[in-house]
Structure formats: structure tokens, C-alpha cells
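What follows draws every value from the coordinates through simple rules; no lab data is involved. Since the structure is predicted, the reported quantities are computational estimates derived from the model, not experimental observations. Because the Cβ atoms are built from the backbone with ideal geometry, glycine has one as well, and the counts that use them run over all protein chains shown.
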Amino acid sequence: MADLQPPRGTYDLLPADQRRHARVTEGAYQIAGLYGYEEMSTPIFEATDVFLRTLGETSDIVTKEMYVFADKKGRSLTLRPEGTAGVARAFISHLRSEPLPLKLFYQGPMFRYERAQKGRQRQFHQFGVELLGVSEPVGDVEVISMGAHILDALGVADKVTLQLNTLGDSDTRQAYHSKLVNYLEGHKDKLSEDSRTRLDRNPLRIFDSKDEGDRDVVAEAPLLADHLNDASKAFFDDVKAGLEATGIAFALNPRLVRGLDYYCHTAFEFVTDTLGAQGAVLAGGRYDGLIKTMGGPEIPGIGWAAGVERLALMIAEPPQSPRPIAIMPDGDDAKTQVLSEAQRLRRSGLKVDLGFSGNLKKRMMRADKANAVAAVIIGGDALAKGKAVVRDMETGEQTEVPLSSLEDHLARYR
Ligand code: ATP
Ligand code: MG
């Protein structure tokens, strides 16, 4: 027999886990709807290029974490590690003539080859939003507010804080680049090997490193926040003012950068200290250059993605689904009538559990185990009078009810 465990870093979502996941994604989807965001889905694998070109060659995802494989025709495909690149690709191929702005919501599995631990899987789930076609800071404020609203609706708002930073516009980043590189060159010997590569290609990303030595170096590095040009500063001021106006508390974190190449201006993360090292639960930023980089029109974008597993660990136990009504025959003659009554009751919207086998006593015990609120017994003298016996499982009280008014009687158990 083959190994019965799922591959390292992947998990079965058993019914109790799935219930928590569903609570998270349904809660998120419901709130996103209030902001007018509509769900869409992209394929779980894409041409590898879709991610290579957008995430940046020096990103952790591209250098270490992607599941890349060749299909039978030798095409290079990749299991999606995140959602934004696929949505941008879909926008360019199908949605570019839609009126803007476009407000999109997605959810589903993502894949990253990472060191598996609590809150960090190789297959995990995200939900996320993308707002395309809004270049004003009010767009940033809306998507961050929506994230905060969702975390609030999930009951985890008091366990997270919003960290906020700006990466400025491209002029700002260019002017700052040489200052940062000068500083980092002076501390090259203390940087990790990865970060020495980043130094030539994308030094800003060193701020995102999880390596201790790197962290010590960037702790003293000159900050982009101190080098903002007027336009970048004004943009960031508007974002902050908008968040204040909507009552969303934030902490400035001048060392917060996003791991991906395509970000500008606003970068943010909702973080928690309740999940050990896996602190980020919902993170995102503005990516004005992305769609153009992929060969599309110059359309600004902003969005975020949230980790479903991490949120599922944080929410309260979701409510149990409603208790069923058990239905069972009293004697073999009533077996087929039980089937038709069960079907009729389900079609009227009741949750009905069929005991599949055994005598009445056995079925009643099973109904009890299934936590039924009531049992409907079909057969015997009652059936001869066109009635069923309904047993209230809490009180044990039994009532004869005409079959024709069974739904009405059972309505109290909905
Ligand atoms: P981290 O710094 O924890 O590696 P990240 O910056 O790689 O996170 P993003 O790419 O911003 O994460 O993804 C958005 C969210 O998706 C994260 O905030 C987190 O909640 C979740 N997430 C990312 N990677 C994983 C993973 N391997 N397992 C579970 N959740 C994840
Ligand atoms: Mg990561």
C-alpha cells in the first residue's frame, strides 16, 4: 500500500476543518459583496511565464517556491503561487474592454514549496480582491477598509494590527535606490547569499528577508520613507487621512515592503502575534505597473490576499449546521413510503436523515447519535390511519400527525 499520508505540507480538510474554511471564505465573500466586488476564478496552473515575468526573478516565490512542471507537450506550467498575476492575465485577455473600475474577488488553493509548519503549507488557500482602474488614493483606502471589515466580521479584528508603508512612485524609488545600495555594499559581508544576489537586482527586497543577519543590516539602513518626493508624500498623506476618516487604526512600518516586484505606493499587512512566526494574515498593496509589464494597457491596480488557513486558526468555532430530523419505517412494509416522505420533506426545506438499515430500535439509537431533533416513524396502526408518529427527541413525547400536515408540524424544528 502506498503512503496514506497526503504529501508534506498538504492537508485533508476533514468536515470540521472544512466548516472553518467555509466560514472564513463565505464571510469574506459576503462583505466583499457589500463593496460591489464580484467573484472570478482563474486556472490553478498557468504558463510559467505568467509568474516569472510578474513576480520578479529575485522573489522568494520564483527562486524557491514555485511548483514548475512540463506537460506532455513540453510546455512549462506552474501551479499558481498567488492570485494577482492570473487575474491580471485574465484581465488582459478577456476584460480589457470592460468599463473601469473593475472590482474582483477570488478564492482558491495556492501552491508554494515552503518549509511546512503551523500556518505555512505547501498547498494553502487564499481569498483576495483586486481593484483595477483606480489611480487615486481613495482606491487604496477602500480595499484596506474592506480587509478591515472582513477581519471584523470574522471576529478577529482585535487580534490583528494594520501595518502601513509606502514604496513611493518610481522616481522616488530610483532616487533612493543608490542610497540603499551604497549602504548595503558597506555591509555586504553580513548579508545572506540570497540578499547579496538581491543587492544587484532588487535591493529593496532585502527588507522582506526573514534571515536574522539581513534583518540586523536593514535595521540601520536608510529608509525610503525619508526620501519620498512631493507627489509620493501627498499620495501617502491622502491614504492615511482616508483611513483615519474611516476609523481604521494603523501603525507605520517603514521597513514593510512587499515580496513581489510590481508594487508601488501603498503596502500594508494585517499581522497577528497569535500564530507564532506566521504573522501576516492579509497583505497587499498597489501595483500600477503590473498589467503593462505583462503586455497589457497601463491600468493601475491595488489589492490584497488573505490566508484562509491562518484565519481559520483564529476564528471562533463556527455554529453547527442545523440538527436533522430522522425518518424511519416501523416494519418492512413502510420502507418505500419512508423514501417518498423523506424526499417530500427535504423538498419542503427540512434537513432529513434516513436511517438506512436495522429495526426500529436500532434506527432510533442511530437517530440519537446523529443528534436528531425529532424522529418521524412511518408504519403500523398510525399509517393505517394516514398518520405518522413524530417523536420529539428532547422530551421523548410522541404525537400522531396526519401525513398531509407533517411539514407544518415539523416546521418548529427548522
Ligand atoms: P509570509 O511572509 O508569511 O511568507 P507572504 O508575504 O509570502 O507571507 P503573501 O504572498 O502576501 O504572503 O500572501 C498573502 C497571505 O497568504 C499571507 O498573508 C498569508 O496569510 C497567506 N500565506 C502565504 N503563504 C502561505 C503559506 N505557505 N501557507 C499558508 N498561508 C500562506
Ligand atoms: Mg512567503
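Note on Y183 and Y35: their simple-model spin labels are 3.2 nm apart, each label 7 Å out from Cα toward Cβ. Footprinting exposure proxy ranking of S405, S192, fewest other C-beta atoms within 10 angstrom first, gives S405, S192. Of Y113, Y176, the sequence from fewest to most neighbouring Cβ atoms within 10 angstrom is Y113, Y176. Its relative contact order, with pairs defined as Cα atoms under 8 Å and 6+ residues apart, puts the chain at 16 percent. Which shape class applies to segment 1-113: rounded if a/c is under 1.5, otherwise prolate when a/b exceeds b/c and oblate if not, where a ≥ b ≥ c are the square roots of the Cα gyration tensor eigenvalues? Note, shape of segment 1-113 comes out oblate. The alpha carbon centroids of segment 50-110 and segment 259-307 are separated by 14 Å. Couplings for segment 169-186, taken from phi via the Karplus curve 6.51 cos²θ - 1.76 cosθ + 1.60 with θ = phi - 60°, read 8, 5, 4, 4, 5, 5, 5, 6, 3, 5, 5, 5, 4, 4, 4, 5, 4, x Hz in order; Gly and Pro are left as x. Remark: relative contact order (segment 266-399) = 17 percent; criterion is Cα-Cα distance under 8 angstrom and separation of 6 or more residues. The magnitude of the dipole of the chain, with charges of +1 and -1 set on the Cβ of Lys/Arg and Asp/Glu and taken from the Cα centre, is near 1400 debye. Candidate cross-link partners of K351 among the lysines, defined by an alpha-carbon separation under 16 Å and a same-chain spacing of 8 or more, comprise K369.
Cβ crowding within 10 Å ranks T78, T63, T161 as T63, T161, T78, fewest other Cβ atoms first. So how strong a dipole does segment 297-387 carry about its Cα centre when Lys and Arg Cβ are +1 and Asp and Glu Cβ are -1, to the nearest 20 debye? Approximately 380 debye in magnitude.
Volume per residue for the chain equals 207 cubic angstrom (convex hull of Cα atoms). Segment 1-40 and segment 169-226 have Cα centres lying 36 Å from one another.
Projecting the Cα atoms of P137, I327, T395 onto the charge dipole of the chain, computed from C-beta unit charges around the Cα centre, puts I327 farthest toward the positive end. For K387, a cut-off of 19 angstrom between C-alpha atoms picks up these aspartates and glutamates, skipping any fewer than 8 places away in its own chain: D330, D332, D333, E341, E397, E400, E407, D408. Counting only residues at least eight positions apart within a chain, or on another chain, the lysines with an alpha carbon under 20 Å from that of K190 are K179, K210.
Based on Cα contacts under 8 Å between residues 6+ apart, segment 183-279 shows a relative contact order of 26 percent.
Projected onto its three principal axes, the C-alpha set of segment 325-413 covers 28, 28, 24 Å, listed from the longest axis down.
Across A221, A85, A32, mean-square fluctuation computed from a Gaussian network of the chain (C-alpha pairs under 10 Å connected) peaks at A221.
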